[in-house]
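Since every read-out is calculated from the coordinates, none of them should be taken as a lab result. Small disclaimer: the values here were computed from a predicted structure and weren't measured. Reconstructed Cβ throughout: ideal geometry from the backbone, glycine too, with neighbour counts over all protein chains shown.
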Amino acid sequence: MSFSPASIKSKLPRVGTTIFTTMSTLAQEVGAVNLGQGFPDFDCDPRLLDMLNAAARAGHNQYPPMAGVLALRQAVADKVNELYDASYDPVNEITITAGATQAIQTALTAIVHPGDEVIIFEPVYDSYDPVIRMNGGTPIYARLPFPDFRPDFAALRALITPKTRAIIINTPHNPTATLWSRDELNQLALILRDTNIVLISDEVYEHMVFDGVRHQSVTSIPDLAERAFVISSFGKTYHVTGWKIAYCLAARELMVEFRKAHQFIVFTVHTPSQHALANYMALRTHETLPEFYQAKRDYFLAQVAPTKLAWSRAPATYFALASYAHLDAYNQLSDVEFALKLARENGVVCIPLSAFYSNGEDNRVVRFCFAKKEQTLALAVDRLKTL
């Protein structure tokens, strides 16, 4: 009898090719401008590359400490303390990870047992649900109601049961470009008081907040910080998403459990990158990132204003939402159909918002990424004007 792959019971039977892969492949096939997936088409600061080269040539090419190079953990601790008045011990409360997705997976793997429930807010980043399921947990969907995408705390409270192990929040939020206010975080703290629910806060867009508004980090709310894994991304911040390097902050007792899982998932992270980032953080370029991306947002939104789409303001992240619900020529199309049509006929790739809903909720809205060169955005705008 020969082996049959069909005999394997899939842990993720509903997972197939993602819309992100589908749209990026289509962009290549039809020569469309790809404003779909969330990564820059420009390079990082040459000084960071010089530091990476110097670190490798200086011999930093073997395994670093499992938790990460201490100089980088110290730089993270200093930044967090300065920005959010929050104190994290770099030795015991900060771990460098192979990207934010790995940090989320590690946190969930550390705490979720079969039968546990984890509340996530949709529209939702697509990695949360599968990792919960792979650990035997059940994702429970809270809503960020369209069109404002603000958390509904009465609805959240109703979802909490004795099985609730964790809640994941994402602020600033992908895909809606919204961010939680301090008042909303305080309301969350009140709901979690007197529970043992763990909070996972995905804050990878923390430095992309515009119009003079400050990012409100979970680290700055003591009642939340004590129960939270807080995750951010060097890749997003320094335009090196392909380096897959991020970090997790947590109180010592939580971090002990995080590192137990971390050491058997990746053990550790690329050594030269850590040394390079430790040196680069001293340049404090994260301080100019809001201005940098706000200029891109303002340019893009100003240029697309004459198009027939209705655009959101995008107060954070590097995404902007656009609605076509008011357009009689298109509003009979699902958002997936519209995105495919836009790519094939107008030469611009976007992501349908329904891809971020467990039930495929379709509000005739699509997402565009403006983390691109000005010439890329200009070409996309010219094509969007042909709608």
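So if we plug the beta-carbon distance of Arg344 and Ala302 into 1/(1 + (r/R0)^6) with R0 = 30 Å, what FRET efficiency do we get, rounded to 0.05? With a Förster radius of 30 Å, E is 0.65. Looking at the square roots a ≥ b ≥ c of the eigenvalues of the Cα gyration tensor of the chain, which shape do they give, rounded for a/c under 1.5, prolate if a/b is larger than b/c, or oblate? Rounded. Projected label points at Asn363 and Lys260, each 7 Å from Cα along the beta carbon direction, are separated by 4.0 nanometres.
Can you tell me, using C-alpha contacts under 8 Å and at least 6 residues apart, the relative contact order of the stretch 46-286 as a whole percent?
Numbers: 425 pairs, mean separation 75.1, N = 241.
Answer for the stretch 46-286 is 31 percent.
What does DSSP give for the stretch 46-286 in terms of the percent of beta bridges that are antiparallel, rounded to the nearest 5? Counting only bridges with both partners in the stretch 46-286, antiparallel ones make up about 30 percent. Partner lysines whose Cα lies under 26 Å from the Cα of Lys372, excluding those fewer than 8 positions away in the same chain, are identified as Lys236, Lys244, Lys296, Lys308, Lys341, Lys385.
Go ahead and estimate [θ] at 222 nm for the chain from helices alone: -39,500 (n - 2.57) per DSSP H run with n ≥ 4, summed, over the residue count, rounded to 500. Each step should come with its number before you reach the end.
Details: 14 runs with 142 residues, N = 387.
So the calculated ellipticity at 222 nm is -11000 deg cm²/dmol.
One chain, two ends: Thr17 and Ala71. Fully extended at 0.36 nm per residue, the span grows by 15.5 nm beyond their Cα-Cα distance. Rounded to the nearest 0.05, the FRET efficiency derived from the C-beta distance between Phe153 and His113 at R0 = 25 Å is 0.40.
Extending 7 Å from Cα along the Cβ direction at Arg313 and again at Thr25 yields two label points whose distance is 3.9 nm.
Between Met134 and Leu190, the contour length at 0.36 nm per residue exceeds the alpha carbon distance by 17.2 nm. Using the Cβ-Cβ distance between Ala58 and Ala251 with R0 set to 45 Å, the FRET efficiency from 1/(1 + (r/R0)^6) comes to roughly 0.85. Looking at the stretch 179-270, the DSSP beta bridges with both ends there are about 55 percent antiparallel.
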